[in-house]
Amino acid sequence: MRTILNIIWLIFAGLWLALGYFLAGIVCCVLIITIPFGIAAFRIGAYALWPFGKTVVRRGDAGVMSAIGNVIWFFVAGLWLAIGHVLTGIALCVTIIGIPLGLANFKLIPVSLVPLGREIVSTDDPRAFA
C-alpha cells in the first residue's frame, strides 16, 4: 500500500514539492554560511518525493545552534514551503482518493518550518515510536 500511495503522491504532489525544496537547497548552498540549510532542504526534498513509510523524529544531539538556524530558516524558506504544503494539501483533500495525500502534505508542514535538529527515519525504525 505504501508503494501505491508513494507513486500517486509522486505524480500529484511529490515532484512539485521536491523541486521547491531542491531550489531552496541550491539557493542556500550559494553562501558558505547557509550550506547547512541547503543540506536540510535536500534531505527534506528527498522525503517529499517518497514520504509514505517514513517519519520525522527529533534528534537528541540538536542544540541551541539548531534552534537559531530554525528561526533563520523559517523566514528564509520555511514559511514559503509550508504555504506550498497547505495549498497542495487543501487541493488534494477535495477528492476522496486525495485525502491521504492531503494529510501527508499536512504531516510535512512541521518539518518544512523547522528542519534542523530533525531526522527522517523509516516507520520500521524503533526511534519512530520514541
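The values are calculated or read from the model by the stated rules, or taken from the named source; none is laboratory data. Keep in mind it's a predicted model, so treat the numbers as computed, not measured. Note: ideal-geometry Cβ built from the backbone for every residue, glycine included; neighbour counts use all protein chains shown. SASA here: full protein model, heavy atoms, side chains in, ligands and nucleic acids out. Shrake-Rupley method; radii C 1.70, N 1.55, O 1.52, S 1.80 Å.
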Next item on the list: Could you tell me whether Ser112 is in contact with a Gly (Cβ under 9 Å, 6 or more places away or on another chain), assigned to a helix (DSSP H, G or I) and modelled with pLDDT under 90?
Entry: no
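Report yes if some residue within the range 74-84 is among the small types (Gly, Ala, Ser) and under 15 Å from Gly14 (Cα atoms); otherwise report no. Give the steps one after another, and end with the answer.
Here is the first cut: in the range 74-84, the ones among the small types (Gly, Ala, Ser) are 77-78, 82, 84.
Going one step further and asking which of them are under 15 Å from Gly14 (Cα atoms), we end up with 82, 84.
There is at least one residue in the range 74-84 that is among the small types (Gly, Ala, Ser) and under 15 Å from Gly14 (Cα atoms).
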Margin query: Looking at the range 89-99 only, could you name the residues that are open to solvent by 40 Å² or more (accessible area, probe 1.4 Å) and outside any helix (DSSP H, G or I)?
Written below: Cys93, Val94, Thr95, Ile96, Ile97
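Between Arg43, Arg58, which is among the basic types (Lys, Arg) and farther than 18 Å from Leu19 by Cα? Step through it out loud before you land on a result.
Details: Arg43 fails: farther than 18 Å from Leu19 by Cα.
One residue alone meets the criteria, Arg58.
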Next item on the list: State all residues of the range 98-123 that are farther than 20 Å from Ala24 by Cα and without any contact (Cβ under 8 Å) to a residue 60 or more places away in the chain; if no residue qualifies, say none.
Entry: Ile99, Gly102, Leu103
Margin query: Which residue is surrounded by the fewest Cβ atoms within 10 Å (Cβ to Cβ), if the candidates are limited to the range 36-67 and must be at pLDDT below 90 and β-branched (Val, Ile, Thr)?
Written below: Val64
Notebook entry, point to check: Can you tell which of Gly38, Gly45, Gly102 is farther than 27 Å from Ile4 by Cα, under 14 Å from the mean Cα position of the chain (by Cα) and part of a helix (DSSP H, G or I)?
Noted result: Gly38
Check: Restricting the search to the range 18-34, which residues are assigned to a helix (DSSP H, G or I), open to solvent by 20 Å² or more (accessible area, probe 1.4 Å) and modelled with pLDDT of 90 or more?
Finding: Leu19, Phe22, Leu23, Ile26, Val27
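Taking Gly117, is it in contact with a Gly (Cβ under 9 Å, 6 or more places away or on another chain), among the small types (Gly, Ala, Ser) and open to solvent by less than 50 Å² (accessible area, probe 1.4 Å)? I'd like the intermediate steps shown before the answer.
On the way: in contact with a Gly (Cβ under 9 Å, 6 or more places away or on another chain): yes; among the small types (Gly, Ala, Ser): yes; open to solvent by less than 50 Å² (accessible area, probe 1.4 Å): yes.
Yes, satisfied.
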Next item on the list: Determine which single condition Leu31 fails, assuming it passes every other condition in (1) in contact with a His (Cβ under 9 Å, 6 or more places away or on another chain); (2) over 17 Å from Leu101 (Cβ atoms).
Entry: (1)
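Which of the residues spanning the range 48-80 are aliphatic (A, V, I, L, M), in contact with a helix residue (DSSP H, G or I) (Cβ under 8 Å, 6 or more places away or on another chain) and either free of Cβ contacts under 8 Å to residues at least 60 places away in the same chain or farther than 30 Å from Ile4 by Cβ (or both)? So that I can check it myself, show each step before the final result.
From the range 48-80, those aliphatic (A, V, I, L, M) are 48-49, 56-57, 62, 64-65, 67-68, 71-72, 76-77, 79; that's our starting set.
Of the ones still in play, those that are also in contact with a helix residue (DSSP H, G or I) (Cβ under 8 Å, 6 or more places away or on another chain) are 48-49, 56-57, 72, 76-77, 79.
Within the range 48-80, Leu49, Ile72, Val76, Ala77, Leu79 qualify.
Would you check if Val86 is among the aliphatic types (A, V, I, L, M), without any contact (Cβ under 8 Å) to a residue 40 or more places away in the chain and surrounded by 12 or more Cβ atoms within 10 Å (Cβ to Cβ)? Don't jump to the end; show me each part of the working.
Values: among the aliphatic types (A, V, I, L, M): yes; without any contact (Cβ under 8 Å) to a residue 40 or more places away in the chain: yes; surrounded by 12 or more Cβ atoms within 10 Å (Cβ to Cβ): yes.
Spelling it out, Val86 is indeed among the aliphatic types (A, V, I, L, M), without any contact (Cβ under 8 Å) to a residue 40 or more places away in the chain and surrounded by 12 or more Cβ atoms within 10 Å (Cβ to Cβ).
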